[in-house]
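Heads up, the thing below is written out as structure tokens.
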There are 2 protein chains.
Amino acid sequence: MKRTKGKSHCPINFGLEAFGDPWSLLVIRDIVYFGKRTFTEFSDSDEGVAPSVLTARLAELETNGILNRTPDPGDARRVVYTLTENGLALIPVLLEIANWSAGVDAETDAPPEWIEAVHRDKTAMTELITATVRAGGSIFVGSDSVVAALSASGQN
Amino acid sequence: MKRTKGKSHCPINFGLEAFGDPWSLLVIRDIVYFGKRTFTEFSDSDEGVAPSVLTARLAELETNGILNRTPDPGDARRVVYTLTENGLALIPVLLEIANWSAGVDAETDAPPEWIEAVHRDKTAMTELITATVRAGGSIFVGSDSVVAALSASGQN
């Protein structure tokens, strides 16, 4: 599965080397959509990642400058993962993957009103999601989530 | 590397199951950016895919409704691969991956004027690329390419 690491600066290959492992993108999804931050929370995702694989992917994402690994401010024995600015810049990639699947998968879990909201103004929505995740929120989970903000503003 | 196939309709996981193998995205890149259409042409890409891996990925992409496999009209012994409509719908995913890498990789091969042209009007550029690839052209290669059309119209 190894491609010619570091030799190709084709921008598609470069991106795939940095984050293109499917497990890596699922971790980034967990942070952006669901506000997960810990090893245990990533482990609990539906796709059932093996602990050894998850450990390796988290280390790679940190090495590649996509994740920050810091002690939990509330419990210094615990580590939390957050997206760096380069990690936050992956949000448009996630939105396009979700948009594609929502159009192709008849049984998609993607809420139609969410897909429609992103489609309506992709630039503004990308900015809102990025600011929300940067501040510790997520798209779907919590009182400070993007969907809660949209709902409060009457946009959804 | 196998996730719980077919069980999750999370739109990120669904997309990654359909096209998220890095080799699969490199094949789609070869078609969209460089107009490649045959096994030999895909084999010749810089990343050095093994023939057995390429064979498996092409079959999966066909099964997943992303690639069409048809006899070459000019030489019926030869097979050509083209994108289905669902495959063409992946163009925004590729553009976002390339855009991310161009912003992160100081040595990127992405031409800055191309990244800028996509950024300027992503919707119009996506439509132009999709129409060009659907008609058998590509972004960078050939007299009917997207960059040739932009150049002729004085936009680049």
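The numbers here are math on the coordinates, done by the rules we state, and not lab data. Predicted, not measured: the structure shown is a model, and the values here were computed from it. For neighbour counting, all protein chains shown are included, and Cβ atoms are generated from backbone atoms with ideal geometry for every residue, glycine included.
A few notes on this one:
- Shielding value for A:102-113 is 4, the average number of Cβ atoms from other chains within 10 Å of each residue's Cβ.
- Cα gyration tensor shape for chain B, rounded if a/c is under 1.5, else prolate or oblate: oblate
- Sparsely packed loop sites in the stretch B:74-156 (the GluC sites (Glu not before Pro) outside DSSP H, G, I, E and B with at most 12 other Cβ atoms within 10 Å) comprise B:E107.
- In a simple Cβ point-charge model (Lys, Arg +1; Asp, Glu -1; nothing else charged), the protein assembly as shown has a dipole of about 500 debye relative to its Cα centre.
- Charge dipole magnitude, Cβ of K and R +1, D and E -1 - the stretch A:6-156, Cα centre, debye nearest 20: 480 debye
- For the stretch A:20-34, the Karplus equation 6.51 cos²θ - 1.76 cosθ + 1.60, evaluated at θ = phi - 60°, returns couplings of x, 5, x, 4, 4, 5, 5, 5, 5, 4, 4, 6, 6, 8, 10 Hz by residue, with Gly and Pro reported as x.
- Relative contact order of the stretch B:1-137, pairs being alpha-carbon contacts under 8 Å that are 6 or more residues apart, as %: 19 percent
- J(HN,Hα) series, the stretch A:76-92, from Karplus relation 6.51 cos²θ - 1.76 cosθ + 1.60, nearest Hz, glycine and proline x: 5, 6, 9, 9, 10, 10, 10, 7, 6, 4, 5, x, 4, 5, 7, 3, x
- Loop sites in the stretch A:81-156: chymotrypsin sites (Phe, Trp or Tyr not before Pro), DSSP, at most 15 other Cβ within 10 Å: A:F140
- Here the dipole of the stretch A:1-84 is about 360 debye; that uses its Cα centre as origin and unit charges on the Cβ of Lys and Arg (positive) and Asp and Glu (negative).
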